[in-house]
Amino acid sequence: MFAGARGRQIAGRFTVVAAVPFAYGTAEQRANWHALVAAVESTLRLRDHVAGTLPEMAEQLYRRSRGMIGSLSQLVRGAAILAIDDGTEKITAELLDLVPVDYAAQRCDNPIRASRRVGDTTAL
């Protein structure tokens, strides 16, 4: 995309911003992720969506997005569109599973480890 004369023109319009995924290994990191998920949820304007639903799915959202904020936004936006299309006007885990993850989440080097037990602070 940035090759050749035209590519150099296009490249001159972009600034590289290094983005690192959110961490999820400690209680504080998980709290930060939950707060982000809650903030994203607060922007939803779906008629039947129950506040607090997305924070309850924070771990699923983390696994799918790999902790990338743009990927989280894309997942929630995609699920919201599906919820509007199907008339349910609420995001569910099943709708989230229908939304493909973006390139950033697919290529992220953020390792994800499964939780061994509820409350395990070394999980993920």
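Here are the numbers for the structure shown:
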item	result
Those residues of region 40-59 which are out of contact with any Asp or Glu (no Cβ under 9 Å at 6 or more places or on another chain) and surrounded by 11 or more Cβ atoms within 10 Å (Cβ to Cβ), in sequence order	Val40, Glu41, Leu44, Val50, Glu56, Met57, Ala58, Glu59
Filter result for Tyr62 (in contact with a Gly (Cβ under 8 Å, 6 or more places away or on another chain) and either in contact (Cβ under 8 Å) with a residue 40 or more places away in the chain or of a type in the set (A, V, I, L, M) (or both))	no
Residues that are within 24 Å of Ala23 (Cβ to Cβ) and either hydroxyl-bearing (Ser, Thr, Tyr) or not in a helix (DSSP H, G or I) (or both), drawn from region 53-90	Thr53, Met57, Tyr62, Ser65, Arg66, Gly67, Met68, Ser71, Ser73
Filter pass, Ala58 being in contact with a His (Cβ under 8 Å, 6 or more places away or on another chain) and either modelled with pLDDT of 95 or more or of a type in the set (Gly, Ala, Ser) (or both)	yes
Qualifying residue in region 18-36 (condition: modelled with pLDDT under 95, out of contact with any strand residue (DSSP E or B) (no Cβ under 9 Å at 6 or more places or on another chain) and loosely packed, with under 10 Cβ neighbours inside 10 Å)	yes
Pick from region 60-91, criterion surrounded by fewer than 17 Cβ atoms within 10 Å (Cβ to Cβ) and among the polar types (S, T, N, Q), ranking: farthest from the chain's Cα centre (by Cα)	Thr88
Search result, residues across region 1-51 that are out of contact with any Phe, Trp or Tyr (no Cβ under 9 Å at 6 or more places or on another chain), part of a loop (DSSP other than H, G, I, E, B) and hydroxyl-bearing (Ser, Thr, Tyr)	Thr15, Thr26, Thr43
Count of residues meeting criterion [modelled with pLDDT under 95 and assigned to a helix (DSSP H, G or I)] in region 98-122	5
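The values are calculated or read from the model by the stated rules, or taken from the named source; none is laboratory data. None of the values given here were measured: they were computed from a predicted structure. Heads up, the Cβs are rebuilt from the backbone with ideal geometry, glycines too, and the neighbour counts pull from every protein chain shown.
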